[in-house]
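J.: Got a structure here, written out as structure tokens. Questions coming.
The values are calculated or read from the model by the stated rules, or taken from the named source; none is laboratory data. Since we're looking at a predicted model, the values are computed, not measured. We place every Cβ from the backbone using ideal geometry, glycine too, and count neighbours over all the protein chains shown.
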Amino acid sequence: MKNFLLISTLSMLSFSAPGQTSDRILIKNATVIDGTGAASKPGTDILISGGKILNIQPKIQDSEARQLDMTGKTIIPALICAHAHVGTLKGTTATAGNYTRENVLAHLKKYQDYGVSAVLAMGTDRPIIFDNGLRDSTVAGLLPGARLYSAGYGFNTPDSNPISWMNLLQRPKTVEEVAPMVAHVAKVKPTVIKMWVDDHGGNAQKMKPEIYKAIINEAHKLGIRVAAHLFYADDAKLLVEAGLDIIAHSIRDKVVDDELLKQMRKKGVIYIPTLALDQYNFVYGDKPSWITDPFFQASLEPGVLEMITGSDYSTKIKFSSDYEKNKAASKTAFINLKKMNDAGVMIALGTDSGAYPIRTQGFTEHLEMELMVQAGLTPMQAITISTKNAARALRIADDTGTLEKGKRADFIVLTSNPENDIKNTRKIEAVWKGGKAVSKGPVLK
């Protein structure tokens, strides 16, 4: 009966009453967390028209609007993921062959079901989303699912045999090769340019400083920001000095010092911690508490649940030579996130979801917020990081990221308030996009 009533309520959200021609919708009596960092506001109304918020305050009167009473519900802005990947996952595989229009759209729909309204794919996209206008159509809201922003084709070190879904990366051998490669990527109008500056635990060549400095300089000449995949604090210092705009992963080898924090804040460097990535590197050695949760399981590609719950998989993880190293890296990432936040560095939500099958899309964004709180942030800080700050990272904050007058009506309706328990962001009753209810969440759909 409970599910029937919920479905009936959500059906009412999607259709106007007979004879009603106005597109104005008036949400009444909700508790609103607007994403600005302000405390939740009970008894708040939201007036929507043309997909945007016309007004947001208590006791709005509008005789033309269709009214929806949301007493007992909490509304937060839709989440925005500033580091993700789309199109490459299918089943237990991550390959270039999976990258089709249908698969990209399926992944964007999955993100939407979890209340994620926009994602930035970090450097592993393929021509199909640019050549046929797919990326631009999603950004314009013309297709179902989250809006897709892209870093185009990322930069990495030379590799004669790259894994297939990274085989379109730019791999300059010399500084002279950088400028034409940056110009090539610039043609697809990327939100940022992504580069990998890491030795992957000593298993790969690290990008040379003269190469990444050239990438930053050439990108900045064209007005494009640069994000870096990294691991080490020393690399972060050199990159920030060279003008890097976004650190796309946690610093995990040691605790950051005050000088780096000072420089990052001074230069406005954005920090994307991707805490969940490090958790996934070791957590399946045991049985995480959420592994039986339908909210988690609904995010998995077919076959992945069976893979990660198999005894062979957990044994392989737990007895890996990297197991303790990965746990230590995760602990350091938690410490550095708290230090970054306390120092006033801008933090933005990003998860690296969609890169590999265990980095599941949608659920991981909610897990990331839980991990932020475990690292010492408040639930309200985690929400602001995942909405307002992530919108700023994508440079779309004029349109979305907070629930304010004039912005798009992109939000999540929750049955419980996450202000004191961040896991309540998973209690999704409805997802709204552009002033319309588009999903009942990942479990009911």
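J.: Whether any residue in the range 101-110 is surrounded by fewer than 15 Cβ atoms within 10 Å (Cβ to Cβ), within 21 Å of the chain's Cα centre (by Cα) and not basic (Lys, Arg) is what I want to check. Steps first, please.
T.: First, the residues of the range 101-110 that are surrounded by fewer than 15 Cβ atoms within 10 Å (Cβ to Cβ): 101-102.
Pick out the ones that are also within 21 Å of the chain's Cα centre (by Cα) and you get 101-102.
Okay, now just the ones that are also not basic (Lys, Arg), so 102.
Scanning the range 101-110, I find at least one residue that is surrounded by fewer than 15 Cβ atoms within 10 Å (Cβ to Cβ), within 21 Å of the chain's Cα centre (by Cα) and not basic (Lys, Arg), so the answer is yes.
J.: Search the range 42-65 for residues being in a loop (DSSP other than H, G, I, E, B) and of a type outside the set (Asp, Glu), and hand back the single one that is farthest from the chain's Cα centre (by Cα). Talk me through it step by step, then tell me what you get.
T.: Going through the range 42-65, the residues in a loop (DSSP other than H, G, I, E, B) turn out to be 50-51, 58-65.
The next check asks that each one be of a type outside the set (Asp, Glu); those that pass are 50-51, 58-61, 63, 65.
Working: Gly50: 26, Gly51: 22, Pro58: 31, Lys59: 34, Ile60: 33, Gln61: 36, Ser63: 38, Ala65: 33 Å.
By that ranking, first place goes to Ser63.
J.: Among the residues of the range 141-164, is there at least one that is part of a helix (DSSP H, G or I), within 26 Å of the chain's Cα centre (by Cα) and at pLDDT 95 or above? Explain how you work it out, then say what you get.
T.: Filtering the range 141-164 for residues part of a helix (DSSP H, G or I) gives 164.
Next, from what is left, pick out any that are within 26 Å of the chain's Cα centre (by Cα): 164.
Going one step further and asking which of them are at pLDDT 95 or above, we end up with none.
No, the range 141-164 has no match at all.
J.: Hey, could you check the range 199-256 for residues that are buried (at least 18 other Cβ atoms within 10 Å of the Cβ) and hydroxyl-bearing (Ser, Thr, Tyr) and say which is farthest from Glu177 (Cα to Cα)?
T.: Restricting to residues being buried (at least 18 other Cβ atoms within 10 Å of the Cβ) and hydroxyl-bearing (Ser, Thr, Tyr), the top hit is Ser250.
J.: Could I ask something else about it? Restricting to the range 93-124, name every residue that is of a type in the set (D, E, K, R) and in contact (Cβ under 8 Å) with a residue 60 or more places away in the chain.
T.: Result: Lys110, Asp113.
J.: Which residue, of Asp322, Asp352, Asp312, is under 24 Å from Met166 (Cα atoms), charged (D, E, K, R) and modelled with pLDDT under 95?
T.: On the way: Asp352 fails: modelled with pLDDT under 95; Asp312 fails: under 24 Å from Met166 (Cα atoms).
It is Asp322.
J.: Let me ask another. Do the conditions hold for Tyr323, that is, is it assigned by TED's automatic domain parsing to the domain that holds His249, surrounded by fewer than 16 Cβ atoms within 10 Å (Cβ to Cβ) and among the aromatic types (Phe, Trp, Tyr)?
T.: Taking the combined requirement at face value, the residue satisfies it.
J.: Taking the criterion of being closer than 24 Å to Gly152 by Cα and surrounded by fewer than 24 Cβ atoms within 10 Å (Cβ to Cβ), would at least one residue in the range 60-71 satisfy it?
T.: For the range 60-71, residues closer than 24 Å to Gly152 by Cα and surrounded by fewer than 24 Cβ atoms within 10 Å (Cβ to Cβ): absent.
J.: Can you find a residue that is more than 21 Å from Ile383 (Cα to Cα) and either at pLDDT 95 or above or not in a helix (DSSP H, G or I) (or both) anywhere in the range 357-371?
T.: Looking through the range 357-371, at least one residue is more than 21 Å from Ile383 (Cα to Cα) and either at pLDDT 95 or above or not in a helix (DSSP H, G or I) (or both).
J.: Taking interchain pairs and intrachain pairs at least six residues apart, which have beta carbon atoms under 8 angstrom, with the first residue in the range 154-174 and among the hydroxyl-bearing types (Ser, Thr, Tyr) and the second surrounded by fewer than 14 Cβ atoms within 10 Å (Cβ to Cβ) and not in a loop (DSSP other than H, G, I, E, B)?
T.: Filtered contacts from the range 154-174: Ser164/Gly97.
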